[in-house]
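The values are calculated or read from the model by the stated rules, or taken from the named source; none is laboratory data. Keep in mind that what you see is a predicted model, and the values were worked out from it rather than measured. All Cβ positions, glycine included, derive from the backbone under ideal geometry; neighbour counts span all protein chains shown.
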């Protein structure tokens, strides 16, 4: 391994331990990221301010060809509810929380879709109306865990008494939406906010080297973030585009990952007591899957494999949960969807477990040899997993390498694997897109692939492609 590779290894292992220590107890409404309920202007912890009401045209309802929008309430929450007909000609909805004088908006609080029930159809509800982290689709980004020139380690935000990864739902948003005419077959809704990121005043050529510890060497950036939802007739899954505007920084001043879309929703037909069954993902190198039986429950003792090459499969993340009454497996997933000239992101970090299996390594999930921070996506590792007891926490997020905003040109995954990274694009804009996958999971013992993985492997995934951000 090269000198830089050794630095990456040390940095990654430290970051993995730090993330595990910070987030191991995270559940809905718990953990350090709840400090992200902020004043909206500075990123400091506090009570949300009023913010500006949603911008955009009224009336309160618009009807197109297979797509519509209405202003309504869900569990007392003011929303823009979008409806569209999916690939089976059945209705689906997403209710996006509006900014109001009382609270911030910018994310989904309820979603519905229909599945066959004998000769009829029944509606499945995805609920995100309760809890400190409830809802889905908001932005979160962790700052790089650094070593400092005074011998300490941590984040720059932490040195200034601030949360390095506040929840995006704690910031005011401005909203705009596409006009829906009678001929419209798609609709888009856009939220913009400013998200805090601490960095250095002087750009660093290599952020894995020691960072100056002096407060005067640091700078706080308020980074513009835009999130756009797209709904399209004839497709099952909405698309969520995310754009970070780095125009106020230069390469090497910042270093962070991107965890949005992020949130906690009861996706097993709104059953809060639904227990987790399996986790799957595809990062930049390999497929990962836990090997729990379809009738079983996820624990730290689950068998796992992380050595099947990803090949040309789109990157994805899936969480499965079992309904307590029906026994059905439901699924929440995200799949990367590149459009046009998109390059996509680099997914994954340094881990001795990538490229191996539980059987070969002997390492249990969340053991000393396989920490929570080594998972490329936030998921069941922050749901209180134990060796024997089923759990019900459903935190779920996207993820990326933590070196975006830096001047690095490559990242290491282990001693023998590295990939190039465009950490600071010439356009000064980071753009990525994900399909939000919801459904009854097709996972069985004989065919153990999630709906998200099958979507990622599809030549033509049933996801909205109109109106790229």
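Among the strands (runs of 3 or more DSSP E) confined to the range 130-204, there are none with at least 1 residues that are at pLDDT below 95.
Looking only at the range 267-317, which residues are part of a strand (DSSP E or B) and free of Cβ contacts under 8 Å to residues at least 12 places away in the same chain?
Going residue by residue through the range 267-317, those that are part of a strand (DSSP E or B) are 275-282, 286-290, 304-309, 316-317.
If the condition is that a residue be part of a strand (DSSP E or B) and free of Cβ contacts under 8 Å to residues at least 12 places away in the same chain, then no residue fits.
Among residues that are out of contact with any helix residue (DSSP H, G or I) (no Cβ under 6 Å at 6 or more places or on another chain) and free of Cβ contacts under 8 Å to residues at least 60 places away in the same chain, residue 215 is included.
What about residue 328, is it more than 20 Å from the chain's Cα centre (by Cα) and in contact (Cβ under 8 Å) with a residue 40 or more places away in the chain? Let's see the steps before the verdict.
Numbers: more than 20 Å from the chain's Cα centre (by Cα): yes; in contact (Cβ under 8 Å) with a residue 40 or more places away in the chain: yes.
Against the criterion (more than 20 Å from the chain's Cα centre (by Cα) and in contact (Cβ under 8 Å) with a residue 40 or more places away in the chain), residue 328 qualifies.
Residue 353 passes every criterion in (1) touching a helix residue (DSSP H, G or I) at 6+ places or on another chain (Cβ under 8 Å); (2) crowded, with 19+ Cβ neighbours inside 10 Å; (3) in contact (Cβ under 8 Å) with a residue 60 or more places away in the chain; (4) assigned to a loop (DSSP other than H, G, I, E, B) apart from (3). Annotation: of all residues in the range 236-256 being crowded, with 24+ Cβ neighbours inside 10 Å and assigned to a loop (DSSP other than H, G, I, E, B), the one that is nearest to the chain's Cα centre (by Cα) is 238. Listed by position, the strands (runs of 3 or more DSSP E) enclosed by the range 53-129 that each have at least 2 residues that are modelled with pLDDT of 95 or more, over 21 Å from residue 179 (Cβ atoms) and over 23 Å from the mean Cα position of the chain (by Cα) are 67-74, 108-117, 120-127. Screening residue 381 with (1) part of a strand (DSSP E or B); (2) surrounded by 24 or more Cβ atoms within 10 Å (Cβ to Cβ); (3) touching a helix residue (DSSP H, G or I) at 6+ places or on another chain (Cβ under 8 Å) gives one miss only, at (1).
For the range 394-409, taking the residues that are buried (at least 23 other Cβ atoms within 10 Å of the Cβ) and either closer than 14 Å to residue 276 by Cβ or free of Cβ contacts under 8 Å to residues at least 40 places away in the same chain (or both), the one that is farthest from the chain's Cα centre (by Cα) is identified as 394. Restricting 225, 173 to residues that are surrounded by 16 or more Cβ atoms within 10 Å (Cβ to Cβ), in contact (Cβ under 8 Å) with a residue 60 or more places away in the chain and over 18 Å from the mean Cα position of the chain (by Cα) narrows the list to 173. The residue list 334, 339, 320, 365 contains one member that is modelled with pLDDT of 95 or more, surrounded by 17 or more Cβ atoms within 10 Å (Cβ to Cβ) and in a loop (DSSP other than H, G, I, E, B), which is 365.
Take the conditions (1) in contact with a strand residue (DSSP E or B) (Cβ under 8 Å, 6 or more places away or on another chain); (2) at pLDDT below 95; residue 395 misses just one of them, which is (2).
Summed over the range 394-437, residues that are assigned to a loop (DSSP other than H, G, I, E, B) and under 24 Å from residue 198 (Cα atoms) total 19.
Filtering the range 216-223 for residues that are under 30 Å from residue 318 (Cα atoms) and at pLDDT 95 or above leaves a non-empty set.
Among the residues of the range 219-247, how many are over 30 Å from residue 183 (Cα atoms) and touching a strand residue (DSSP E or B) at 6+ places or on another chain (Cβ under 6 Å)?
Within the range 219-247, residues that are over 30 Å from residue 183 (Cα atoms) and touching a strand residue (DSSP E or B) at 6+ places or on another chain (Cβ under 6 Å) number 9.
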